[in-house]
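Remarks on the structure that follows.
Taken together, the values in this text are just the output of simple stated rules run on the coordinates, not laboratory data. Every value quoted in this text rests on a predicted model; they were computed, and no experiment measured them.
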Amino acid sequence: MMKKRLIFTLLLAAFIVACFAQKPYKVMFYNLENFFDTINDPEVLDDEFTPEGPKQWNSAKYNRKLGNIERVLFDLAAADKVYPAVIGVSEVENRSVLEDIVAAPKLAPADYRIVHYDSPEARGVDVAFLYRPEVFNLEGSYPVKTVVPSLPNFKTRDILTMWGRIDDEPFFISYTACRRNISFRTRSQKKGTP
């Protein structure tokens, strides 16, 4: 009887260790708060984020913001010496800005890849994912257009979806635009204002 209890206890302990021994991964979302490059894009309303615009957005300001983002993301990795497996970001102007982020010296060792689509938002800000391919095996991604039937000309950031596998387990993630802008514009439209 004692031998059976010992075997049962060992099997139970092995089962518990197997259940809880899965490696945890960090997944995070970060609002980059209007991270624009300094180049005027005539296709979007980014004039305020140019050297000539009201914010006088220049290379020094851009590089300072890039350094701050690099420091925040690296500090999260340094806490347990593991970079996040997936990072969802919002309010980023374009892929070029994302490429600068993943190439930053403290983030480059993570070897992040980018999932990004240009969205129809008037100012040109988008949502995107950064992911580590040695942890996350990307199988697909898709931008879902946000449609407000009562406002046929309304354009906002897409809902970005991405799916794949982590440790051979299915992983699906979606990042949506802020609904506050949709609600505000819907109310404004009802009042007859543009």
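Note that region 159-170 has calculated 3J(HN,Hα) couplings of 8, 9, 10, 8, 9, x, 9, 10, 6, 6, 9, x Hz, one per residue in order, obtained from phi through the Karplus relation 6.51 cos²θ - 1.76 cosθ + 1.60 (θ = phi - 60°); glycine and proline are x. Phi angles of region 93-102 translate, via the Karplus equation with coefficients 6.51, -1.76, 1.60 and θ = phi - 60°, into HN-Hα couplings of 6, 7, 4, 4, 5, 4, 5, 5, 5, 5 Hz per residue; Gly and Pro are given as x.
For region 35-47, 3J(HN,Hα) computed residue by residue from phi via the Karplus equation (6.51, -1.76, 1.60; θ = phi - 60°) reads 8, 9, 6, 9, 8, 6, 9, x, 7, 9, 8, 10, 4 Hz, glycine and proline entered as x. Structure shown: which of Lys26/Lys61; Lys26/Lys106; Lys81/Lys106; Lys23/Lys81 lie over 21 Å apart, alpha-carbon to alpha-carbon? Over 21 Å Cα-Cα: Lys26/Lys61. For region 40-115, the spread of Cα coordinates along the three principal axes comes to 42, 24, 16 Å, biggest extent given first. With distances taken between every two different alpha-carbon atoms, region 98-137 has a Kirkwood hydrodynamic radius of 11.3 Å. Inverting the pair-averaged 1/r between distinct Cα atoms of region 26-169 gives 16.2 Å as its Kirkwood hydrodynamic radius.
Scaled to the globular estimate 2.2 N^0.38 Å, the Cα spread of region 62-104, given as radius of gyration, is 1.17. Once Rg and the Kirkwood radius are both taken over the C-alpha atoms of region 115-170, their ratio Rg/Rh works out to 1.11.
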